[in-house]
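Student: To start, I am sharing the structure in question, which I have written as structure tokens.
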Amino acid sequence: MYHIKKEFEALIADAKTEEDIKQIKAKFLGKKGKVSELFKQMGGLGDEQKKEFGKNINKLKKYIEDSLTDRQTQIKEIRKKESLEKESIDVTLPARRGFLGSIHPITKTIIEIEDIFKSMGFDVETGYEIEYDKYNFEMLNIPKEHPARDMQDTFYINDNVLLRTHTSPTQIRVMENKKPPVMFISPGKVYRRDSDITHSPMFHQVEGLLIDKDIHFSDLKGVLSDFLRIFFGDVPVRFRPSYFPFTEPSAEVDIGCIICGGKGCRVCSNTGYLEVLGCGMVHPNVLKNVNYPDEYNGFAFGLGVERFAMLKYGIDNIKLFFENDMRFLKQFS
Amino acid sequence: MKVSYNWLKEFIDIELSAEELAEKITMAGLEVDSVTKTETYGSVVGEVIDIVEKDNLYLTKVDIGSEILNIATADKNVNLHDKFPVVKEGTLLSDGVKISRKKFGDFVSEGMMLSAEELNLEENSSGLLRLDETLRNGMALSEIDEFDDYIIDIELTPNRADALSILGVARDVRAITKKSIRYPQMDFSLIEKNIKNYISVKVEDYKNCPRYTLLMADVAVKPSPMFMRLRLLKSGIRPINNVVDITNYVLMALGQPMHSFDFNRLSGDICVRRAKKQEKILALDSKEYELDESMLVIADSKKPVAIAGVMGSEESSVTEDTKTVALESAHFNPVSVRMTARKLKLHSESSHRFERGVDPNLCLTASSYAVSLLEKYADAKVYMGYIDQKETEFKPKTIVCSFKGINRLLGSDFEQKAIKEVTEYLDFKPKVISIDKFKVTIPTYRFDIEGEADIAEEVARCMGYDKITPTLPVVQTSFKIKKPVDYAKHQITKTLADMGLSESVNYSFTDSSKLKLFSENEDEFVYLKNPLIEGQDVMRTTLVCGLLDNLKFNMSKNAKSVALFEIGRVFFKESDFAKEFDRLGAVMWGEASFNWIEGRRFYDFYDMKSVAEMLERLFNIEFSYKKTKRKFLHTGRGADLFAEGKDVGFIGELHPDFYDYYDIKFDKNMRIILCEIDLNSIAEYVKSVKMFERLPKLPTVVRDLAVVVDKSVDAFDVKRTIELFDNVYDVVLFDVYDKLEDSSKKSLAFRIVLKNDDKTFVDTEIEEIMNAVFDALSKKFDAKLRG
Ligand SMILES: [Zn+2]
């Protein structure tokens, strides 16, 4: 009996298909199978012995039956697994999709700036890119012979019409058409007759204006500090006296250099600070020019979008914005 | 403006280092660009005691006290007994150059003589730096103050003309540090000769020359002393001779531009007048300028001897032979000087200051300082008397300010005492006139101060902008209701990016010769009067030119797939002004897909059409697509877009002829597809909100229908005919087949979804509807069922 068990165990361990199982079953449990043979041998034994022997054969039979069932289940499972395995795909292949498009870093930056100011309650206005000298200069307290005109080399269409050199004419356009209070920003293209490694003849600015009763320089500091900290992260912000003909007092705003963390590097010319925008309290002459009542005042600011984008994305050449190289643009998808 | 730290310290005590000072004045409104330390590299005074010329080189022996060095130099102007800064071999200069032993035949050069540039005293030197011959050979340069200095480069805003001098900067330093100013010594003695016996001045135009003063002196022209030459170098001014240097020195020190005439080269008396038409002058820069009647000149009895406030003439200038000088110190109208300098494109240290404003009360102080220096360094004998032509006195203006007003504008809480003190140190002589009001007297050098806001700025900048605590305003404002286009631009951008197009941004000006290809109406072009370059001479009337340039650029970078769009303005002339429109433009070319699932496919018309259809959905409008009439599009593969009957743009393939203009080879598989749609016109037709449509109550039924029609039939019309049936809920055109036996025909297959709101369909009803649909198609389009 021991030999039968050993033989069975060797065969079943080798069994790989249901056919194998069937054959093993016939060999041991069939009518002429080895277990049946054992029962036949029982005839010549005494009662006690018969009882004992029968018990052992039944035990063996049960063992063989159970083992066969287990093995069969096992084989089925392996088969199922094998058939799924055969359907394997490469999960590392890229997804089903077309080419990715992208939003230009200038637009991306404008959207981000707009979102911040909108959340503070600023409206968004658009202006004209071709403007009258009057709106671009004179109404902004920059008469014809003013030396500040040297600061901005201008493209002219005719003696009185030009490509706006800044977004500030929008201030006048809006104030002429709307009673105070006003509170808006205005992004757009501006033009200066200048082209070199750091200047492009066309670039983008965002103008801002807030006019109401009793607005202070401290409000200007508060609004712009918050804006800069949201846009650039938690950087130090400092206000420095400067000059614009249409604001008084005027300020330039620096942020701690985000490249070197204020230690000094090439980008910040070792000052630890980066100049990012110009601002000031609107000059009384400008408010007079649009006939706003005396009790109103406010602040204005202007920033260069390319500069913000260059700092934000680490772009080091302004020309890249206007070449529209797909390899550049696709980085902003 | 470059300011020597040492020179500044002569005017005011400074306890701060140069860097600390730079930081302080920057934060007070004088923005410092850079602080440069001068260098000496252990150089010593060396005297040239022997020179041999060989192959354009000068092989010299130089006595440096302790020893005699062999030094080769290329500087032609080296003479015996000249003294120069000398460094020995082994010295490391700041640009990393190490002085090494060099052989020139038998001659071994053991060191180097230096220029001012190498010592960081100026930006570009043309030769070696000549030292005073009185200096002891071998003396270390570091022992001489002028060589141990910092140059503070200040970028002044145009309003701060008052700070365009060492004295001016010192005044701002006083306002911050509250120290007092030291004025230079201005003593001199007079000789018997009286200026009135030699010359007179007539001013014809007091408006443009409110004041003209003249002093005279006999002088000995020679090089100016080393300290003066070094200070001028550090200020960015080339030394010439003692007389010219002294006028420049006074200009830098006090801010008064001065001019010295060689008295013996003047003919007769001086007249300040307008130039005559086409009058010419050969200026000190050796160039001839033609003047006009708007320009002010200083003339003698024969011709102009100076362009007022801009530059003197060469013929009246001081030379080595000059014996007597007439020293001009005047005040000219800023606008007049500015216009003249601009017209002539001639800018000088003098015009730079006059056009920003020079203190009219400074003239005689400056000439006193100049003649005292002439007496010291040019052996001057100063004539008695002076000429001072003016019509009026130049009185300072006064402004009444409110302490509260200043604090309200700034949002600050400065005490009256503090505000008053700041204005005192600015020399505004404040006088409190009531509980809240004070009066300030503005010095005549401060042209920029007009009212209380300016005083507030002065207070704020001297106290420090950081002393004002940030606050947030509360504003009650109402928003404007905007046109859909204004707020949809960003949404279009985002959607197109999702659709696989990349946004580009192009210059608004373009090449007029290219623009003419795409535009019929040249009279509407807006030309630039002063373009920067030829290819950017006109404002674009279409976005297509820029996009095609972008395509071309990317092709040159070996791009295989280009899909770009731009949202920007185009410009059309309207009498003297211009109209501006917002447009959406796009270009597609090359691979539309290139991946392992779909393989390779190229962009075609229908890829671009998805852009137009996106706009239809976004704005809830409907375009009709009609065969294009635009000459730059492929006649059979282009559509003009109409909204409510108005032409609003196009989509289509670039006409094959146009490939040549762009020097692109035509490839029938890789065509250039363009699109341009006017967003402003669309905005007029935008329908309000698209209302909700009730869902079918009962189950819908789906049927397919394939018909054969003539190729010229528009699929849109067929589909629209089906859609018009009451029971039709939805129609999808799912197949177009045009390889039929009859090559003039095509087959269109539609999936039609039917609905019935009253009761469930029975088969016969469905059949009836489908028959009716087919009947309509066969009547209208001669459609046959596809067999
Ligand atoms: Zn840095």
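Student: Restrict the check to segment B:507-517 and report whether at least one residue is at pLDDT 95 or above, within 7 Å of another protein chain (Cβ to nearest Cβ), surrounded by fewer than 21 Cβ atoms within 10 Å (Cβ to Cβ) and farther than 24 Å from B:Pro656 by Cβ.
Tutor: Yes: one or more hits.
Student: Still on this model: Give B:Leu551, B:Leu543, B:Leu547 a once-over and let me know the one that is buried (at least 20 other Cβ atoms within 10 Å of the Cβ), away from every other protein chain (no Cβ under 11 Å), under 24 Å from B:Phe605 (Cβ atoms) and out of contact with any helix residue (DSSP H, G or I) (no Cβ under 9 Å at 6 or more places or on another chain).
Tutor: The unique qualifying residue is B:Leu543.
Student: For segment A:222-236, which positions are assigned to a helix (DSSP H, G or I) and more than 7 Å from every other protein chain (Cβ to nearest Cβ)?
Tutor: Matches in segment A:222-236: A:Leu224, A:Asp226, A:Phe227, A:Leu228, A:Arg229, A:Ile230, A:Phe231, A:Phe232.
Student: Show the residue pairs meeting these rules: Cβ distance below 9 Å; 6+ apart or different chains; first residue within segment A:255-279 and part of a strand (DSSP E or B); second residue near the ligand (Cβ under 8 Å from one of its atoms) and of a type in the set (Asp, Glu).
Tutor: Close Cβ pairs (under 9 Å, with a partner that is near the ligand (Cβ under 8 Å from one of its atoms) and of a type in the set (Asp, Glu)) do not exist here.
Student: Would you confirm whether or not segment B:43-61 contains a residue that is among the polar types (S, T, N, Q) and at pLDDT 90 or above?
Tutor: yes
Student: Here is a check on your reading of the model: is A:Ile64 at pLDDT 85 or above, touching an Asp or Glu at 6+ places or on another chain (Cβ under 7 Å) and of a type in the set (A, V, I, L, M, F, W, C)?
Tutor: Considered against the rule, which asks whether it is at pLDDT 85 or above, touching an Asp or Glu at 6+ places or on another chain (Cβ under 7 Å) and of a type in the set (A, V, I, L, M, F, W, C), A:Ile64 comes out as no.
Student: Follow-up. Of all residues in segment A:193-213 being at the interface with chain B (Cβ under 7 Å from one of its Cβ atoms) and within 26 Å of B:Ala460 (Cα to Cα), which is surrounded by the fewest Cβ atoms within 10 Å (Cβ to Cβ)?
Tutor: A:Asp212
Student: Quick one: B:Lys529 ticks every box in (1) modelled with pLDDT under 95; (2) at the interface with chain A (Cβ under 9 Å from one of its Cβ atoms); (3) crowded, with 20+ Cβ neighbours inside 10 Å except a single one, so which number is it?
Tutor: (3)
Student: Search segment B:554-572 for residues being among the charged types (D, E, K, R) and within 9 Å of chain A (Cβ to nearest Cβ), and hand back the single one that is surrounded by the fewest Cβ atoms within 10 Å (Cβ to Cβ).
Tutor: B:Lys557
Student: Shifting gears a bit: Go through (1) part of a loop (DSSP other than H, G, I, E, B); (2) aliphatic (A, V, I, L, M); (3) within 14 Å of another protein chain (Cβ to nearest Cβ) for B:Ile399 and report which single condition fails.
Tutor: Of the numbered conditions (1) part of a loop (DSSP other than H, G, I, E, B); (2) aliphatic (A, V, I, L, M); (3) within 14 Å of another protein chain (Cβ to nearest Cβ), the odd one out for B:Ile399 is (1).
Student: Follow-up question, since we're still on this one. Residue check, B:Thr247 against (1) outside any helix (DSSP H, G or I); (2) on the phi < 0 side of the Ramachandran plot, all met but one. Which one?
Tutor: (1)
Student: Further question on the same structure: Filtering segment A:269-283 down to residues that are within 9 Å of chain B (Cβ to nearest Cβ) and at pLDDT 95 or above, which residue is nearest to the ligand (Cβ to nearest atom)?
Tutor: A:Gly280
Student: Restricting attention to segment A:248-268, report how many residues are more than 11 Å from chain B (Cβ to nearest Cβ), within 13 Å of A:Val235 (Cβ to Cβ) and either more than 6 Å from the ligand (Cβ to nearest atom) or at pLDDT 95 or above (or both).
Tutor: Qualifying residue count for the region: 5.
Student: Go through (1) crowded, with 19+ Cβ neighbours inside 10 Å; (2) at negative phi; (3) not β-branched (Val, Ile, Thr) for B:Leu472 and report which single condition fails.
Tutor: Status for B:Leu472: all satisfied but (1).
Student: What number of residues in segment B:582-611 are closer than 30 Å to A:Asn160 by Cα and away from chain A (no Cβ under 11 Å)?
Tutor: Of the residues in segment B:582-611, 2 are closer than 30 Å to A:Asn160 by Cα and away from chain A (no Cβ under 11 Å).
Student: Are any residues in segment B:141-161 closer than 22 Å to B:Pro257 by Cβ, touching a helix residue (DSSP H, G or I) at 6+ places or on another chain (Cβ under 6 Å) and modelled with pLDDT of 95 or more, and if so, which ones?
Tutor: Residues satisfying the conditions are B:Ile151, B:Ile152.
Student: Continuing with this model, one more query. Might you check whether a residue that is within 9 Å of chain A (Cβ to nearest Cβ) and without any contact (Cβ under 8 Å) to a residue 24 or more places away in the chain occurs anywhere in segment B:464-471?
Tutor: yes
Student: Could you list all residues from segment A:154-179 that are within 38 Å of the chain's Cα centre (by Cα) and facing chain B (nearest Cβ under 9 Å)?
Tutor: A:Thr154, A:Phe155, A:Leu163, A:Lys178
Student: On the basis of being closer than 20 Å to A:Phe231 by Cα, more than 16 Å from the ligand (Cβ to nearest atom) and in a helix (DSSP H, G or I), does A:Glu306 make the cut?
Tutor: yes
Student: Given the condition on the phi > 0 side of the Ramachandran plot and in contact (Cβ under 8 Å) with a residue 24 or more places away in the chain, answer yes or no: does some residue in segment B:291-306 qualify?
Tutor: The answer is no, given that none of the residues of segment B:291-306 is on the phi > 0 side of the Ramachandran plot and in contact (Cβ under 8 Å) with a residue 24 or more places away in the chain.
Student: Does segment A:237-247 include one or more residues that are within 13 Å of the ligand (Cβ to nearest atom) and either in contact with a Lys or Arg (Cβ under 6 Å, 6 or more places away or on another chain) or in a strand (DSSP E or B) (or both)?
Tutor: Looking through segment A:237-247, none of the residues is within 13 Å of the ligand (Cβ to nearest atom) and either in contact with a Lys or Arg (Cβ under 6 Å, 6 or more places away or on another chain) or in a strand (DSSP E or B) (or both).
Student: In segment B:6-22, how many residues are within 11 Å of chain A (Cβ to nearest Cβ) and surrounded by 15 or more Cβ atoms within 10 Å (Cβ to Cβ)?
Tutor: Going through segment B:6-22 one residue at a time, the tally reaches 1.
Student: Of the residues that make up segment A:180-192, is at least one surrounded by 19 or more Cβ atoms within 10 Å (Cβ to Cβ), without any contact (Cβ under 8 Å) to a residue 24 or more places away in the chain and within 10 Å of chain B (Cβ to nearest Cβ)?
Tutor: no
Student: Residues that are more than 29 Å from the chain's Cα centre (by Cα) and among the β-branched types (Val, Ile, Thr), at least 2 per element: which strands (runs of 3 or more DSSP E) completely within segment B:274-344 meet that?
Tutor: Fully inside segment B:274-344 and qualifying: B:296-299, B:324-331.
Student: May I pose another question? Taking the criterion of being in the same structural domain as A:Met120 (by TED's automatic domain parsing), away from the ligand (no atom under 12 Å from the Cβ) and part of a strand (DSSP E or B), would at least one residue in segment A:213-221 satisfy it?
Tutor: yes
Student: Right, next: Whether any residue in segment B:32-51 is within 14 Å of another protein chain (Cβ to nearest Cβ) and of a type in the set (Gly, Ala, Ser) is what I want to check.
Tutor: Among the residues of segment B:32-51, at least one is within 14 Å of another protein chain (Cβ to nearest Cβ) and of a type in the set (Gly, Ala, Ser), which makes the answer yes.
Student: Among the listed residues A:Gly262, A:Gly222, A:Gly314, A:Gly256, which satisfies the condition of being in contact with a Pro (Cβ under 9 Å, 6 or more places away or on another chain) and at positive phi?
Tutor: A:Gly262
Student: Restricting attention to segment B:253-262, does a residue exist that is touching an Asp or Glu at 6+ places or on another chain (Cβ under 6 Å) and surrounded by fewer than 24 Cβ atoms within 10 Å (Cβ to Cβ)?
Tutor: No - not one qualifying residue is present in segment B:253-262.
Student: Of the residues B:Lys404, B:Lys420, B:Lys429, B:Lys489, which single one is of a type outside the set (A, V, I, L, M), modelled with pLDDT of 95 or more, in contact with a strand residue (DSSP E or B) (Cβ under 7 Å, 6 or more places away or on another chain) and not in a loop (DSSP other than H, G, I, E, B)?
Tutor: Only one candidate passes the filter, namely B:Lys420.
The values are calculated or read from the model by the stated rules, or taken from the named source; none is laboratory data. As the structure is a prediction and not an experimental result, all values here were calculated from the model. Glycine gets a Cβ as well: all are built from the backbone with ideal geometry, and neighbour counts include every protein chain shown.
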